[in-house]
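The values are calculated or read from the model by the stated rules, or taken from the named source; none is laboratory data. Quick caveat, the model's predicted, so the values are computed rather than measured. Neighbour counts are summed over all protein chains in view; Cβ atoms, including those assigned to glycine, are modelled from backbone coordinates with ideal geometry. Quick note on the areas: whole protein, heavy atoms, side chains included, nothing else; ligands and nucleic acids left out. Shrake-Rupley method; radii C 1.70, N 1.55, O 1.52, S 1.80 Å.
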Amino acid sequence: MSTAPKPAPAESRKISVLLKVYGVYCLVTALAVLALVALLAVPLAQYGAQLFRESNDVTLTMSLTVIQLVTMTVAALGYVAFGVLVLRNRRRHVAQIAYALLGVGIVNLVLEIMLNGFGDNLIYDGARLLVLLVISATIDPTLITERRIQRRLREMETAEDVRAGTLGRAKGDRGFIELDFFNLFWVFVVCCVLGLVIEVIYHMVVVDPGVYQDRAGMLYGPFSPIYGFGAVLMTVALNRFYKANPVIIFLVSAVIGGLFEAAVSWFMQVGFGAVAWDYSGSTIFGLFPDPIAILFGGRTSTLFMCMWGALGFVWIKLCLPWLLKLINLIPWKARYSVTTLCALLMLVNGVMTLQALECWYQRESGLAPSSPVEEFYAEHYDNAYMQNRFQSMTITPEDSARVQG
């Protein structure tokens, strides 16, 4: 009785000749790019240094060009590996590196649009992305099957946690909340909003009674990212301390919050010449100068470190359990898709905020737009718009570390 031969495993089946030809093409072109980068690295660095000395500044166009060169180099290295793996018939690794090259290619495509606008310059990169998408989806069916199984197992585990009422809770002795992307992202979002509310109320009640001031820290939405990032840091640092002595929680929160506030203030001023808060001249009960404010140059103070300490205690003891219940209101079957979409929107908002601040800085420095992305921000987010949006912020190029002389 004859039996039909079993099909060969996907990993052992030979890759098609057409794909191997494409692999050789990728390998040759990538090696050529790497050789060109190696030859031009020193002259480009010297030219960049000379341009910086002449203009006394690093523009957004220059920064994006450098980033694009880096991504092109990373992509070339990836395509070298891709070509070698195709020739060696490593289907699984080809699929994995194709996924990685998709991410790098998308970044490079966005940079190309920013620097040179929409046009024929996008055809080649777009075609490569389409080829990679087809390869990643078809080259290794077993890898796709494994991911489907893992997704189903994760869904079954999530459903069990929903029935047990422990969704989002850490397993074993790892703390109160599971420190995964889903939980930490929504901690960030909710605390961006809560922090903004606290800032606005504090300004209206204490700083300038009865006067409303928009304290938003992002280009769009009611978000103050310093509180969002601060809450994420607090959650990560205090997760295992949620049963600890209140004094320990207070001190850890005060130190983390104060150092984080000072670091953000320093980054904004050094990078953009931006000052959004300044506690210089603060005193302790009006009796003597605040030593913390003096030590950190007004970037934080004893009062605000104590506020961070109190917020950390309230956060870990009261707010975090409430927040976990709030984010679990998102239907668990849609939690990953909803979170991915919102995370992408928040990422775009954050990138646009930094670029708008950069272009605002350049205009204050007297530099004219020199690329499509800079022209876009000059047209849609001019100085008047930025001053109205970031009412507590001032841009002083002379205060940054990027202006020489």
Starting from the Cα of Ala45, step 7 Å along the direction of its Cβ; do the same at Thr138; then give the gap between the two resulting points in nm. 4.3 nm
Remind me, relative contact order of region 269-405 in percent, using alpha carbon pairs under 8 angstrom and six or more residues apart? 41 percent
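How much length, in nm to one decimal, is gained on full extension between Ala276 and Leu130, taken as 0.36 nm per residue of separation minus their Cα-Cα distance? Don't skip to the end; give the middle numbers.
Working: separation 146, 0.36 × 146 = 52.56 nm, distance 4.40 nm.
Between Ala276 and Leu130, full extension yields an extra 48.2 nm.
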Expected vector for region 346-351, Karplus 3J(HN,Hα) from phi with 6.51, -1.76, 1.60 and θ = phi - 60°, integer Hz, x for Gly and Pro, equals 5, 5, 4, 4, x, 5
Amide H partners (placed H, <5 Å) of Thr283, local residues excluded: Asp290
Expressed in square angstrom to the nearest 10, the accessible area of Met204 with a 1.4 Å probe stands at 70 Å²
Here, Leu303 and Ile330, labelled 7 Å along Cα→Cβ, have an inter-label distance in nm of 3.7 nm
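Please give the length that would be gained between Ser63 and Tyr25 if that part of the chain were fully extended, namely 0.36 nm times their separation in residues minus their C-alpha to C-alpha distance (nm, one decimal). Can you show the working numbers first?
Values: separation 38, 0.36 × 38 = 13.68 nm, distance 3.04 nm.
Value of the extension gain: 10.6 nm.
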If I ignore ligands, DNA and RNA and count only protein heavy atoms, how much of Asp278 is accessible to a 1.4 Å probe, in Å² to the nearest 10? 90 Å²
Ranked from the most accessible area to the least, with a 1.4 Å probe and all protein chains present, what is the order of Arg152, Arg389, Arg90? Arg152, Arg90, Arg389
Whole-Hz couplings from phi, Karplus 6.51/-1.76/1.60, listed for region 124-138; x for Gly and Pro: 5, 5, x, 5, 5, 5, 5, 4, 4, 4, 5, 5, 5, 8, 10
For Phe223, list long-range residues whose amide hydrogen, built 1.01 Å from N in the peptide plane, is under 5 Å from its own amide hydrogen. Gly217, Met218
Calculate the spin-label point distance for Thr73 paired with Val193, positioning each point 7 Å from the Cα along the beta-carbon direction, and give it in nanometres. 4.3 nm
